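Presented below is the structure to which this report refers.
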There are 2 protein chains.
Amino acid sequence: MSGWLSVVGLGPGAPGWLTPEAAEVLAVATDLVGYATYLDRIPPGPPGQTRHVSENRVELDRAYQALELARAGRRVAVVSSGDPGVFAMAAAVMEAVEADAALYAGLDIRISPGITAMQAAASRVGAPLGHDFCALSLSDNLKPWDLVLKRLEAAAAAGFVLALYNPVSTARPWQLGEAFDRLRRLLPGEVPVVFARAVGRTDERIGIVMLRDAKSDLADMQTVILVGTAETRLIPRPSGAAPFVYTPRKAAALK
Amino acid sequence: MSGWLSVVGLGPGAPGWLTPEAAEVLAVATDLVGYATYLDRIPPGPPGQTRHVSENRVELDRAYQALELARAGRRVAVVSSGDPGVFAMAAAVMEAVEADAALYAGLDIRISPGITAMQAAASRVGAPLGHDFCALSLSDNLKPWDLVLKRLEAAAAAGFVLALYNPVSTARPWQLGEAFDRLRRLLPGEVPVVFARAVGRTDERIGIVMLRDAKSDLADMQTVILVGTAETRLIPRPSGAAPFVYTPRKAAALK
């Protein structure tokens, strides 16, 4: 039997957002490797399929485990939330492949993309990513905090909409507050900010505030935050519905 | 009958990337509105479903047509390639809603996200978007070219991977060449650049070159281009397979 490894994106959680390609990989894999929270979202597989549940958060360990299984001839699905190529497992697998290329670079390795959190969040409120945008992880686990701030400020000053991943954690309680403070120096206080938590899951919660009122306690580890530009606006809706948020396709020259 | 409008993303073209949610909307809509190329990808719908084929490229006209149908009680799917929230129809629909809010803001309007071209392209080559990245349209139809260049340079200088949409057209023959020239002033010549054309369709073509060799004639209107950072690298593979492209999750402080 010839092994393979497929890094699969589950999307944010709603079954309607799991691609047929990802579902097919999950159905034919002999082994699923993933963080417990993500494996719990997948219905039982065919008889004999083995689940390798990871309780820890060390992505690189999971990548090596999956590569070893594929090398032993197993058909392995590495399970990621969202899109594995966006702040998820694809880069960790590549890191392991590069580190032991003689063992792993010849394996059959594929990636199945998925809907990522910023897309799900955007779809719930209108078209906040309507033009150019950046996706930025606020975690300083893998890069210095100064670099996070530099990227945040460069993107906001150039008029990109921002999608902020990993905005806060128990180990990073103050960083998001500082990020909002920096953004308030560059952008008008009226800029819409979307806090989108657990989109597509039963505990989904969407909040829209102005940048001047954005606070870190509106986010948790399951939140993605969309920060508009000076051109992003709200469209009020009748009968108490939440407003639409949208960023026009047109942009004027910067002053 | 109560009308609604759903802006649906088909993904880049492969059936395996069409979400179940989008497929369901297409199955229950009474009317499909879209550009001919996208409608041609959809198998025939239920009896009585009407297709409103648009030959022109004026997104706003299509948005008004769809909103009027929904207002008349039809169940309308506005069809977009990729993700409707990423350089596609969601923003055009919002623009029309804002312009005639009294007529349209109370309608039942939803968005179904889809896999967008940069995700499909990334999945084919490894993990090029492995950390922070920007999505930027190179079209100067709706914004001045100076602003495109400013965003391009700001993002590259801050260490974002770049996904370049709408890189070239017959009306915009020289812009991409200038964009590569600007990037070469900011980034090493060895930075990997991925030209991904028609990913997921029968005429898919993927090319990987170094930034110093990137030329505009490697792209057409169906191409998305991924430009790495100074940290993006190739992993050679045995037996003539294309190398993996990946951007490490870790990033050092900027000099």
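The values are calculated or read from the model by the stated rules, or taken from the named source; none is laboratory data. Everything numeric in this text was worked out from a predicted model, so none of it was measured. Because the Cβ atoms are built from the backbone with ideal geometry, glycine has one as well, and the counts that use them run over all protein chains shown. Accessible surface areas use protein heavy atoms only, side chains included; no ligands, DNA or RNA. Shrake-Rupley method; radii C 1.70, N 1.55, O 1.52, S 1.80 Å.
Do the sum for the protein assembly as shown: with -39,500 (n - 2.57) for every DSSP H run of n ≥ 4, divided by all residues, what is the mean residue ellipticity at 222 nm, to the nearest 500 deg cm²/dmol? Before the final figure, lay out the partial values.
Numbers: 16 runs with 150 residues, N = 510.
Rounded to the nearest 500, the figure is -8500 deg cm²/dmol.
Residues with beta-carbon under 14 Å from that of B:M118, excluding B:M118: net charge, scoring Lys, Arg +1 and Asp, Glu -1? All intermediate terms of the calculation are to be shown ahead of the outcome.
Numbers: positive: B:R124, B:R197; negative: A:D83, A:D132, B:D83, B:D132.
Residues close to B:M118 contribute a combined charge of -2.
At a probe of 1.4 Å, how much accessible area disappears from chains A and B on forming the pair, both sides counted, to the nearest 100 Å²?
On the way: alone 12970 and 12980 Å², together 19800 Å².
Between A and B, the summed buried area is about 6100 Å².
Rounded to the nearest whole Å², what accessible area per residue is found for the protein assembly as shown with the 1.4 Å probe? Could you put the intermediate results ahead of the total?
On the way: 19800 Å² over 510 residues.
Using a 1.4 Å probe on heavy atoms only, each residue of the protein assembly as shown averages 39 Å².
Residue by residue through the range B:6-23, what is 3J(HN,Hα) from phi via Karplus (6.51 cos²θ - 1.76 cosθ + 1.60, θ = phi - 60°)? Round to whole Hz and write x for glycine and proline.
10, 8, 10, x, 7, x, x, x, 5, x, x, 10, 7, 5, x, 4, 5, 4
Using a 10 angstrom cutoff on alpha carbons, build the Gaussian network for chain A and name the most mobile of A:E24, A:E59, A:E190.
Among A:E24, A:E59, A:E190, the largest mean-square fluctuation in the Gaussian network model of chain A belongs to A:E24.
Enumerate the amide H contacts of B:H52 below 5 Å, restricted to partners 5 or more residues apart or on another chain; note that Pro and chain-start residues carry no placed amide H.
B:L32, B:V33, B:G34
Identify all lysines with a Cα-Cα distance to B:K250 below 22 Å; exclude those on the same chain that are fewer than 8 residues away in sequence.
Once the sequence-local lysines are set aside, what remains near B:K250 is A:K143, A:K150.
What residues of the range A:86-114 lose no less than 40 Å² of accessible area with every protein chain in place versus their chain by itself (probe 1.4 Å, heavy atoms only)?
The answer is A:F87, A:A91, A:M94, A:E95, A:E98, A:A105, A:I111, A:P113.
Name the most mobile residue of B:L176, B:L149, B:L226, meaning the one with the largest mean-square fluctuation, in a Gaussian network model of chain B with Cα contacts below 10 Å.
Comparing B:L176, B:L149, B:L226 in a Gaussian network model of chain B, the most mobile one is B:L149.
About the Cα centre of the range A:182-251, what is the dipole size in debye to 20, counting +1 per Lys and Arg Cβ and -1 per Asp and Glu Cβ, all else neutral? Show your work: numbers first, answer last.
Numbers: 12 positive and 7 negative charges, 56 e Å.
So the dipole magnitude of the range A:182-251 works out to roughly 280 debye.
Taking a probe of 1.4 angstrom, what is the accessible area of A:V53 in Å², to the nearest 10?
Surface accessible to solvent at A:V53 totals approximately 80 Å².
For a quick size check, give me the Cα extents of chain A along its three principal axes, largest first, whole Å.
Largest first, chain A extends 61, 42, 35 Å along its Cα principal axes.
For chain A, calculate the relative contact order in percent as a whole number, restricting contacts to Cα pairs under 8 Å that are 6 or more residues apart. Each step should come with its number before you reach the end.
Working: 522 pairs, mean separation 48.8, N = 255.
Normalised by residue count, the contact order of chain A is 19 percent.
Apply the Karplus parameterisation 6.51 cos²θ - 1.76 cosθ + 1.60, with θ equal to phi minus 60°, to every residue of the range A:203-215 and state each ³J(HN,Hα) to the nearest whole Hz, in sequence, with x for glycine and proline.
9, 4, 8, 10, x, 10, 10, 7, 3, 4, 9, 6, 10
Relative to the longest principal axis of chain B, what angle (0 to 90°, nearest 10) does the C-alpha long axis of helix B:89-99 take?
60
For peptide A:228-238, how many partner chain Cβ atoms fall within 10 Å of a residue's Cβ, on average?
Numbers: counts 0, 0, 0, 0, 0, 2, 1, 8, 3, 7, 5.
Mean number of neighbouring Cβ atoms from other chains: 2.
Compute a Gaussian network model of chain A, connecting alpha carbons closer than 10 Å, and tell me which residue from A:A171, A:A14, A:A122 fluctuates the most.
A:A171
Please state the charge dipole magnitude for the protein assembly as shown, taken about the Cα centre, from unit charges on C-beta atoms (+1 on K and R, -1 on D and E), reported in debye and rounded to the nearest 20. Before the final figure, lay out the partial values.
Values: 52 positive and 52 negative charges, 86 e Å.
It comes to approximately 420 debye.
On the principal axes of its Cα set, how long, how wide and how thick is the range A:201-255? Give whole Å, largest value first.
If we take the Cα atoms of the range A:201-255, the spans are 41, 29, 21 Å.
Using alpha carbons only, how many angstrom separate the centre of the range A:125-192 from the centre of the range A:7-80?
Between the Cα centres of the range A:125-192 and the range A:7-80 lies a distance of 30 Å.
Given the range B:16-80, report the % of alpha carbon pairs whose separation exceeds 14 Å.
Numbers: 1133 of 2080 pairs.
Beyond 14 Å sits 54 percent of the P(r) for the range B:16-80.
Could you tell me what percent of the accessible area of the protein assembly as shown is made up of carbon and sulfur, with a 1.4 Å probe and every protein chain present? Don't skip to the answer; put the middle values down first.
On the way: 10480 of 19800 Å².
C and S fraction of accessible area: 53 percent.
Using every pair of alpha-carbon atoms in the protein assembly as shown, split the distances into 10 Å bins beginning at 0 and state the percent of pairs per bin, rounded to integers.
Distribution as computed: 4, 20, 31, 28, 14, 3, 0 percent.
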